[in-house]
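Scroll down for the structure; my scribbles are underneath it.
We did not get these values from a lab; they are worked out from the coordinates using the rules stated. All values derive from a computational prediction rather than experimental measurement. All Cβ positions, even for glycine, are placed from backbone atoms using ideal geometry, and neighbour counts span all protein chains on display.
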Amino acid sequence: MPNSFNRTASGLLAHLLRPLLICACLLAAALAVLAIAAAPAPRLAPPSRNLQQSAAAAPSSDRFDMQVRSDMFAGMAGDHDALDRAMKLCEQALTSDQKNAAALVWHGSGLVFQAGQMFRSGDYVSGKQVIIRGFKEMDDAVALAPDSLTTLIPRGASLLGYAQHSTDPERAKPRLLQGLSDYEKVLGIQKTQWGSIPAHSRGELLSGLVEGWLRAGDAAKARAYAQRIVDDLPGTRYAARAKDFLSASPAPAQIDWQCIGCHAGAGR
């Protein structure tokens with residue numbers, strides 16, 4: 001189990017988050033989806049389905065994720081001072097409001113990353129305690145804001161990364177399924193404004209679902225989401241990649257798609 005936890009947490013947040021020691025790229029890609037929360041949602045969308053009113057009512061710079069994510073990503077890439085700042089910002093926000101769901105989910109993600117550092121240093125006892133606390137904080141955050149992209153996306157991205165790097169797939173599977181549920185809920189919330197969301201955001205969300213369902217053993221669901229990429233994002237690198245997956249023979253048992261567009265152009 002120590003080796004499993006070590007690998008698992010050391011791969012944690014990357015793409016959206018990829019090699020975790022840099023988990024920053026998994027969350028970053030996932031957060032590309034979250035970026036649209038800063039824009040007002042279409043009026044015809046039911047209020048309960050809009051990420052929206054809190055995010056639309058406040059400037060994007062006032063959203064907690066916009067305040068914390070640069071330091072959190074830098075910290076996960078190796079900047080210890082930046083990670084300390086990000087965690088302290090979360091802790092300060094939680095001191096002021098224990099039910100600040102955005103601060104709680106980011107703090108939980110940070111704890112899981114820190115647990116990985118503990119495992120790598122050989123401190124398995126502390127690492128296990130910290131990773132359990134990190135999972136609980138993310139779960140508590142989603143319980144506080146169950147329909148908010150600001151909690152669903154960070155937790156979903158973190159859990160998909162956790163499962164991706166776990167050396168014990170069966171142990172990680174419940175968390176994988178939870179992450180997939182978060183992503184599918186995000187897809188539902190975005191339904192009425194899907195066509196207006198940037199290709200990068202849609203492509204990363206759907207790509208995570210393809211990878212995740214394939215890892216969970218449901219090739220039919222994975223192929224259905226790959227076909228949706230082809231249908232929804234024609235002419236993009238996402239569609240080209242999905243076509244390659246769908247036409248591959250034999251069909252791949254797993255895939256490890258890198259983020260498209262976090263560090264280079266994603267569009268057409």
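Kindly provide the set of residues from region 129-171 that are among the small types (Gly, Ala, Ser) and surrounded by fewer than 22 Cβ atoms within 10 Å (Cβ to Cβ), ordered by number. Of everything in region 129-171, those that are among the small types (Gly, Ala, Ser) and surrounded by fewer than 22 Cβ atoms within 10 Å (Cβ to Cβ) turn out to be Ala143, Ala145. If you filter region 118-128 down to residues that are without any contact (Cβ under 8 Å) to a residue 12 or more places away in the chain and part of a helix (DSSP H, G or I), you find that the one that is surrounded by the most Cβ atoms within 10 Å (Cβ to Cβ) is Ser126. Selection within region 199-246: residues that are under 17 Å from the mean Cα position of the chain (by Cα) and of a type in the set (S, T, N, Q). The member of this set that is surrounded by the most Cβ atoms within 10 Å (Cβ to Cβ) is Ser207. Would it be correct to say that Gly195 is within 25 Å of Met138 (Cβ to Cβ) and touching a helix residue (DSSP H, G or I) at 6+ places or on another chain (Cβ under 9 Å)? When the stated conditions are applied, Gly195 does not pass them.
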